[in-house]
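The values are calculated or read from the model by the stated rules, or taken from the named source; none is laboratory data. Fair warning: this is a prediction, and the values are worked out from it, not measured in the lab. So basically every Cβ, Gly included, is an ideal-geometry build from the backbone, and we count neighbours across all protein chains shown.
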Amino acid sequence: HRNLLGIAGLQPWEIQYLLAEAEQWVALNQQSSKHDDRLAGLTVINAFFENSTRTLLSFEIAGKRLGADVVNMHAAQSSIKKGETLIDTAMTLNAMRADAIVIRHGSSGAVQLIADKVDCPVLNAGDGSHEHPTQALLDALTIRRRKGEIGGLKIAICGDILHSRVARSNIICLTTLGAEVRVVGPPSLMPNAIEAMQVTAFTDFDAALDGVDVVMMLRLQNERMQGQFIPSTREYRRLYGLTEERLTRAAPDALVMHPGPMNRGVEIDSNVADDPSRSSVTEQVEMGVAMRMACLDVLTRRARKVEGWS
Ligand code: CP
């Protein structure tokens, strides 16, 4: 693959390969000196058309730890604000001879559009409600390190499934690796025909939690709502909030995950989110840097004339 636009299309061994590659970067990042200069001389552009804390900073840190020259383009301060089109922006970035471009955009498919116009690898940092592949990969890395093999695990993904690119990429990733995936949320936030994605859909959170090994909570994507009915914040917490009491329905050693940003007291209570023996919220952020180092390394191998991955 030249690009990383989604988990869809990746073979199980390709996902496993990226997970294995990330391990060396987890180890490096835990040392006091965190540098490896294999991307020295390369330029990575992070073009973010939507807000981000974790993804933008971790891609920037990942590129810098690998020795690349990293520059960030924030759409709010760019000529997008003067009416420049997405295609013209892509061609402008391409003319600067980037060696990799990382893009976040609010519209599904926008990253593919840019990838079709540029000469270097493109990494999708989240496009609309389509895919967020590096989030799914860092989540898989976190699960694998905590639970061992992903195949055979029971995993519940809860919340705004309809709008969540995190849910979509995770469903594809986790089912490809052989997990049993349950999705749960309000009926208005459940995509039609979700069962076609090899998952079991629930509207009752307690039923979905029964015996699961992993509970992955999602934020309500208020910025993507288009008139869907959603319960009030209080009602949402009552029906779909992960509380300490509710977590007892999952397996005794169940892992609690959240990609961030969290709405504390809505989809997840602080005493669950902040307990490192049960929650991997901060570990997911740590794994995000390692996984993005792996993705930048692997996708720039062709440019560096190093053997690729597929
Ligand atoms: N999880 C995630 O994508 O977070 P950011 O929006 O802060 O990048």
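Has the stretch 180-192 got any residue that is without any contact (Cβ under 8 Å) to a residue 12 or more places away in the chain, over 22 Å from T142 (Cβ atoms) and out of contact with any Leu (no Cβ under 6 Å at 6 or more places or on another chain)?
yes
Restricting the stretch 168-207 to residues that are of a type in the set (G, A, S) and assigned to a helix (DSSP H, G or I), which is farthest from the chain's Cα centre (by Cα)?
Among them, the one singled out is A207.
Residue under question is T43, and the condition is that it be farther than 30 Å from G151 by Cα, among the β-branched types (V, I, T) and in contact with a strand residue (DSSP E or B) (Cβ under 6 Å, 6 or more places away or on another chain); does it hold?
Considered against the rule, which asks whether it is farther than 30 Å from G151 by Cα, among the β-branched types (V, I, T) and in contact with a strand residue (DSSP E or B) (Cβ under 6 Å, 6 or more places away or on another chain), T43 comes out as yes.
Exactly one of (1) more than 16 Å from the ligand (Cβ to nearest atom); (2) in contact with a Pro (Cβ under 7 Å, 6 or more places away or on another chain) is unmet by N124. Its number?
Here N124 meets the rest and fails (1).
Within the set of pairs 6 or more residues apart or between chains, which connect a residue that is within 15 Å of N170 (Cα to Cα) and among the hydroxyl-bearing types (S, T, Y) inside the stretch 197-222 to a residue that is at pLDDT 95 or above and not in a helix (DSSP H, G or I) with Cβ atoms less than 7 Å apart?
T200/R182
When you scan the stretch 282-303, do you find a residue that is free of Cβ contacts under 8 Å to residues at least 12 places away in the same chain, of a type outside the set (D, E, K, R) and closer than 23 Å to L138 by Cα, even just one?
Taking every residue of the stretch 282-303 in turn, at least one turns out to be free of Cβ contacts under 8 Å to residues at least 12 places away in the same chain, of a type outside the set (D, E, K, R) and closer than 23 Å to L138 by Cα.
Residues in the stretch 6-60 that are assigned to a loop (DSSP other than H, G, I, E, B), within 16 Å of the ligand (Cβ to nearest atom), hydrophobic (A, V, I, L, M, F, W, C) and under 28 Å from R97 (Cβ atoms): how many?
Residues that pass the stated criteria total 1.
Mind listing just one residue for me: the one in the stretch 142-167 that is within 14 Å of the ligand (Cβ to nearest atom) and in a helix (DSSP H, G or I) and, of those, surrounded by the most Cβ atoms within 10 Å (Cβ to Cβ)?
Ranking the qualifying residues of the stretch 142-167, first place goes to A167.
So, in the stretch 75-90, of the ones that are surrounded by 15 or more Cβ atoms within 10 Å (Cβ to Cβ) and either among the polar types (S, T, N, Q) or within 16 Å of the ligand (Cβ to nearest atom) (or both), which residue ends up nearest to I101 (Cα to Cα)? Reasoning before the result, please.
Taking the stretch 75-90 and keeping what is surrounded by 15 or more Cβ atoms within 10 Å (Cβ to Cβ), we get 75, 78, 80, 86, 89-90.
Those still in the list that are either among the polar types (S, T, N, Q) or within 16 Å of the ligand (Cβ to nearest atom) (or both) too: 75, 78, 89.
Details: A75: 14, S78: 16, T89: 12 Å.
Filtering the stretch 75-90 for residues that are surrounded by 15 or more Cβ atoms within 10 Å (Cβ to Cβ) and either among the polar types (S, T, N, Q) or within 16 Å of the ligand (Cβ to nearest atom) (or both), the one nearest to I101 (Cα to Cα) comes out as T89.
Can you tell me which of G151, G185 is within 21 Å of E23 (Cα to Cα), modelled with pLDDT of 95 or more and not polar (S, T, N, Q)? If you could, list the steps in order and put the result at the bottom.
Working: G185 fails: within 21 Å of E23 (Cα to Cα).
Of G151, G185, the one residue that is within 21 Å of E23 (Cα to Cα), modelled with pLDDT of 95 or more and not polar (S, T, N, Q) is G151.
Consider the stretch 61-74. How many of its residues are within 16 Å of the ligand (Cβ to nearest atom), surrounded by fewer than 22 Cβ atoms within 10 Å (Cβ to Cβ) and in a helix (DSSP H, G or I)?
Qualifying residue count for the region: 1.
Residue by residue through the stretch 97-126, note down the ones that are in contact with a Ser or Thr (Cβ under 6 Å, 6 or more places away or on another chain) and in contact (Cβ under 8 Å) with a residue 60 or more places away in the chain.
D99, A100, A125
Which one of these is of a type outside the set (D, E, K, R) and over 27 Å from T134 (Cβ atoms): N271, N263?
N271
If I filter the stretch 78-96 down to residues being free of Cβ contacts under 8 Å to residues at least 24 places away in the same chain, polar (S, T, N, Q) and not in a loop (DSSP other than H, G, I, E, B), which single residue comes out as nearest to L299 (Cα to Cα)?
Residue satisfying both the conditions and the ranking: T92.
Could you list, in sequence order, the residues of the stretch 248-271 that are crowded, with 22+ Cβ neighbours inside 10 Å and either assigned to a helix (DSSP H, G or I) or hydrophobic (A, V, I, L, M, F, W, C) (or both)?
Those that are crowded, with 22+ Cβ neighbours inside 10 Å and either assigned to a helix (DSSP H, G or I) or hydrophobic (A, V, I, L, M, F, W, C) (or both): A250, L255, M257, I268.
Are any residues in the stretch 58-77 more than 23 Å from the chain's Cα centre (by Cα) and touching a residue at least 12 places away in the same chain (Cβ under 8 Å), and if so, which ones?
G67, D69, listed by residue number.
V102 versus (1) within 13 Å of the ligand (Cβ to nearest atom); (2) surrounded by fewer than 17 Cβ atoms within 10 Å (Cβ to Cβ): which is the lone unmet condition?
Failed condition: (2).
Check whether at least one residue in the stretch 278-290 is in a loop (DSSP other than H, G, I, E, B) and surrounded by fewer than 13 Cβ atoms within 10 Å (Cβ to Cβ), and report yes or no.
No: zero hits.
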